[in-house]
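The values are calculated or read from the model by the stated rules, or taken from the named source; none is laboratory data. Computed from a prediction, not measured in an experiment: that's the story for all the values here. Using ideal geometry, Cβ is built from the backbone for each residue, glycine included, and neighbour counts are taken over all protein chains shown.
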Amino acid sequence: MLRVVHESVREVSERGALPVLVFDLDSTLFSTCPRNLKILEDFVAARGEEHPLLKEIWPTLTEEDMGWNVHESLQERGVEDEELLGDLRKFWAARFFTDEFCEIDTPVPGAPEFVSACHDAGAFIYYLTGRHVNGMEKGTVNGLVSNGFPLFTGKAACQLKPDFYANDKEFKTAALDAVRSLDGEVVATFENEPGNANLFMRAFPEAKHFLLDTVHSPEAEVPDPSLIVLDDFTSFQTD
């Protein structure tokens, strides 16, 4: 299906229209697992002497153990101290939504190659992310550019939430007008949150809509069965 998207981008471009692709970032184009693991590493370094079980557990943890939040992996390994877990949540929240830590993220396999190939074929790349301005914009730009995603090309844009407290779903609903203002044809959208993927499907019924089977919020909507599920972007091959 990724090949079909690439071909559709080329076809739309060749007939003089603007093909548009919409991409979320966290857990769609980037894995947040390295970010979460680094935060947990720093927490263990800060509190491990007080809690020997943390030091015992830490060597067993890998990026694959990181889920929606960082405390679940500790609970699964026997950490039950609610005060400690509460401190970890605060420690995590103070770091996860920052420039410094979002630059730790690594691309989902095949993502830079796929996005770049579609961009080169004529697509306008619209990054629509729940990251916020005045806290994550520098890290977001650095992460995109350093990992080979097109950005400063005249055919790419990145829209972040106006502030940390803006509701992600409401923000992305409002952002649909910005996507429509490009006066192009939305060929495909890519999201990890089922609710947002469902939203895009309703907004652009003629497009193809992909759901990344990575990490999503624990109270996520039921995904529309018409969504195309991907693990990553490695199935895409260029000529």
> crowded, with 20+ Cβ neighbours inside 10 Å, among the aromatic types (Phe, Trp, Tyr) and over 17 Å from the mean Cα position of the chain (by Cα) - does that describe any residue in segment 82-100?
Replying inline: yes
> Which one of 79, 22, 70, 5 is farther than 25 Å from residue 194 by Cβ and touching a residue at least 12 places away in the same chain (Cβ under 8 Å)?
Replying inline: 79
>> I'd like to verify a number: residues in segment 56-73 that are in a loop (DSSP other than H, G, I, E, B) and more than 14 Å from residue 27 (Cβ to Cβ), how many?
In response: 3
> Out of the residues in segment 25-48 that are of a type in the set (A, V, I, L, M, F, W, C) and without any contact (Cβ under 8 Å) to a residue 24 or more places away in the chain, which is nearest to residue 192 (Cα to Cα)?
Replying inline: 44
> Looking only at residues in segment 10-59 that are more than 27 Å from residue 131 (Cα to Cα), at pLDDT 95 or above and among the aliphatic types (A, V, I, L, M), which one is surrounded by the fewest Cβ atoms within 10 Å (Cβ to Cβ)?
Replying inline: 17
>> Which residue is surrounded by the most Cβ atoms within 10 Å (Cβ to Cβ), if the candidates are limited to segment 217-239 and must be touching a Gly at 6+ places or on another chain (Cβ under 9 Å) and within 23 Å of residue 115 (Cβ to Cβ)?
In response: 233
